[in-house]
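Engineer: I have a structure I would like to understand better, so I am pasting it below and will then ask my questions one at a time.
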Amino acid sequence: MAPDPTTAQVTMTLAALAATGATPRPSGETPQQQTERILTGINAQLSDPSLATQGAWKLVWLALSEANANMAYIARSTNGSNEFAVVARGTDADLTDILEDLEVGTVVPFPESGSPKPIAVSKGAMDAFKRVVNARSIASPSPNVTLAQALTAALNSAPSSPQPTVYLTGHSLGGCIATMLAPYLQAQTWPKQPKFAVITYAAPTAGVQSFVDYFDSVPWVMDERHNNAYDLVPHAWADLDTTADWYPSPGPQATEEVKLLIGAISKRTKGNVYVQPGTLCPMNTSYTSLAKNLVNKTTQDFLGQVAFQHANSTYLDLVGAPAVPSAPVVTDVTPTFGEPGATVTINGTGFSKDSMVDFGHFACPTRNIDSDSRITAKVPNGTGVVHVRVTNTLGTSPAVAMGQFAYGGPAPVVVSAVSPTSGKVGTLVTISGSGFADGATVHFKDKASDSVKFVSTGQITATAPGQLDDHQTVNITVTVGKATSPTSPADEFTYTGR
């Protein structure tokens, strides 16, 4: 019999579920449609006995704020423990947007905290908090009510014994918002007075010392701040500059470009001194959990490693919880160019019978789900070069270079892999990808290879030319006509000398 999951495993799983359906369908959907898609996805996962939540939680309320900026939901336990979870989701954004999202150059009062003394938080955190507390659900199970109203109703219908416990949790900006929801809810009057616990993951700070002093004075039954020691985001905004010295061996080390970026973002505080609330529970202090394919001293690898260290999946692994079901992933499409009405095969993972396909902003009405890894679709009307993406109740596949389709052609030029990934000047390198043609040129950084051989539209070989520095990592790009492949960690080659 499997051991009972820990509180960290359960709350991190609940926090990870908040990312369900966070990306709107590329061809567009109404807030109602996206909310219902999120509801369906979260309900399916809450009923999954293989997750740390063990199928013992039920959704009671969910609301999406305007413009999909934030989402929060309430779940209750069904195993007799009389527990509730208020889960916040942060902005759906990439890493740079996460760091720039909160307006930290201005601090504002936070009277909703219930503190008898004035306390201050960043304006960005306050805006996110207000979006969550004012959001009203627009679909079942509790339509047209706010978070506080829904929690009041849920506690009112709960048994008196054992005393209810309300967990406030969230990952990333969701964790930041949870630290503000906690004192706000704790200050309310409830039909059955619950105990409150705050457990966050990867949360940036919400406020300055006055906020932390009050937060830490509240008698929480649990108060834990779980941070991956090598996750950059929780260092915002208390000590973001320290991350410019990362990463330890095997890397990646920050480039000058990264250091300038971190320094510029750090200055957004405009002198405000931010402090982290709660009790720190560090993880991965020995840097044993890392993306081993992202260790070169390049800006791309550094930002890729930062994204890996911050990911929900990494945090689930660090607390020892099973992975949550993944949203669809598109790996490639075949062919990569053609006209409307042509048949295209979409390869990937996580496809389901309810999967919908979009070519850029154009919905694809005709598609057949052949398996969980293959979809056959007829190209809808459209123009230009677009990303082919798949959406279902768990989410939307990210845009990937090998998942592009060019209306009318030519095929998009993409480098998907190089082999070997390191070697001396003169090393023969096999380059895989798409859109290659006879007469293509190959550059290692800004140096052209003087020996290029076209093998097929998906493969080309080239010898590594000399560089001013023959001990560096460079991007390999392929140019066909006026089109040059975009750079990515997949096209990196590391020189090992002459």
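Engineer: Among the numbered criteria (1) surrounded by 20 or more Cβ atoms within 10 Å (Cβ to Cβ); (2) among the aliphatic types (A, V, I, L, M); (3) over 24 Å from residue 263 (Cα atoms), which single criterion is violated by residue 232?
Structural biologist: Just one mismatch for residue 232, condition (3).
Engineer: Could I ask something else about it? Return the only residue of 384, 408, 403, 435 being of a type outside the set (Asp, Glu), within 29 Å of residue 351 (Cβ to Cβ), in contact with a Pro (Cβ under 6 Å, 6 or more places away or on another chain) and touching a residue at least 24 places away in the same chain (Cβ under 8 Å).
Structural biologist: 435
Engineer: Part of a loop (DSSP other than H, G, I, E, B), touching a Lys or Arg at 6+ places or on another chain (Cβ under 6 Å) and either in the same structural domain as residue 174 (by TED's automatic domain parsing) or buried (at least 20 other Cβ atoms within 10 Å of the Cβ) (or both), is that true of residue 248?
Structural biologist: no
Engineer: Being under 30 Å from residue 365 (Cα atoms) and either among the acidic types (Asp, Glu) or not assigned by TED's automatic domain parsing to the domain that holds residue 172 (or both) is the filter here; which residues of the range 1-54 pass it?
Structural biologist: Within the range 1-54, 29, 36 meet the criteria.
Engineer: So if I check each of 475, 368, which one is in the same structural domain as residue 350 (by TED's automatic domain parsing), part of a strand (DSSP E or B) and either under 29 Å from the mean Cα position of the chain (by Cα) or surrounded by 17 or more Cβ atoms within 10 Å (Cβ to Cβ) (or both)?
Structural biologist: Exactly one residue qualifies, and that residue is 368.
Residue by residue, here is whether (1) farther than 23 Å from residue 162 by Cβ; (2) modelled with pLDDT of 95 or more holds:
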residue: 185; (1), (2): no, yes
residue: 190; (1), (2): no, no
residue: 193; (1), (2): no, no
residue: 202; (1), (2): yes, yes
residue: 209; (1), (2): yes, yes
residue: 236; (1), (2): yes, no
residue: 248; (1), (2): yes, yes
residue: 253; (1), (2): yes, yes
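Engineer: For the range 140-181, which positions are more than 19 Å from residue 57 (Cα to Cα) and not in a helix (DSSP H, G or I)?
Structural biologist: 143, 144, 145, 146, 172, listed by residue number.
Engineer: Okay, next question. Would you be able to say whether some residue in the range 275-290 is touching a residue at least 60 places away in the same chain (Cβ under 8 Å), among the aromatic types (Phe, Trp, Tyr) and surrounded by 14 or more Cβ atoms within 10 Å (Cβ to Cβ)?
Structural biologist: Looking for residues that are touching a residue at least 60 places away in the same chain (Cβ under 8 Å), among the aromatic types (Phe, Trp, Tyr) and surrounded by 14 or more Cβ atoms within 10 Å (Cβ to Cβ), one finds none in the range 275-290, hence no.
Engineer: I'm trying to understand the selection: among the residues of the range 478-498, which are in a loop (DSSP other than H, G, I, E, B) and among the hydroxyl-bearing types (Ser, Thr, Tyr)?
Structural biologist: Those that are in a loop (DSSP other than H, G, I, E, B) and among the hydroxyl-bearing types (Ser, Thr, Tyr): 485, 487, 488, 496.
Engineer: Now for a different question. Hey, any hits in the range 16-30 for a residue that's closer than 15 Å to residue 170 by Cα and modelled with pLDDT under 95?
Structural biologist: Yes, the conditions are met somewhere in the range 16-30.
Engineer: Sticking with this one: I need a count of the residues in the range 348-365 that are part of a strand (DSSP E or B) and more than 22 Å from residue 41 (Cα to Cα).
Structural biologist: Summing the residues that are part of a strand (DSSP E or B) and more than 22 Å from residue 41 (Cα to Cα) in the range 348-365 gives 2.
Engineer: Which of the strands (runs of 3 or more DSSP E) contained wholly in the range 376-466 include at least 3 residues that are among the aliphatic types (A, V, I, L, M), in contact with a helix residue (DSSP H, G or I) (Cβ under 7 Å, 6 or more places away or on another chain) and at pLDDT 95 or above?
Structural biologist: 414-419
Engineer: Just the residues that are closer than 24 Å to residue 25 by Cα, of a type in the set (A, V, I, L, M) and over 13 Å from the mean Cα position of the chain (by Cα), please, taken from the range 304-338.
Structural biologist: 323, 324, 329, 330, 333
Engineer: Please go through the range 330-347 and give me each residue that is in contact (Cβ under 8 Å) with a residue 40 or more places away in the chain, outside any strand (DSSP E or B) and either more than 11 Å from residue 388 (Cα to Cα) or out of contact with any Phe, Trp or Tyr (no Cβ under 8 Å at 6 or more places or on another chain) (or both), ordered by number.
Structural biologist: Within the range 330-347, 335, 339, 340 qualify.
Engineer: Name, by its number, the condition in (1) within 29 Å of the chain's Cα centre (by Cα); (2) crowded, with 22+ Cβ neighbours inside 10 Å that does not hold for residue 119.
Structural biologist: (1)
The values are calculated or read from the model by the stated rules, or taken from the named source; none is laboratory data. Everything numeric in this text was worked out from a predicted model, so none of it was measured. Backbone-built Cβ (ideal geometry, glycine too); neighbour counts: all protein chains shown.
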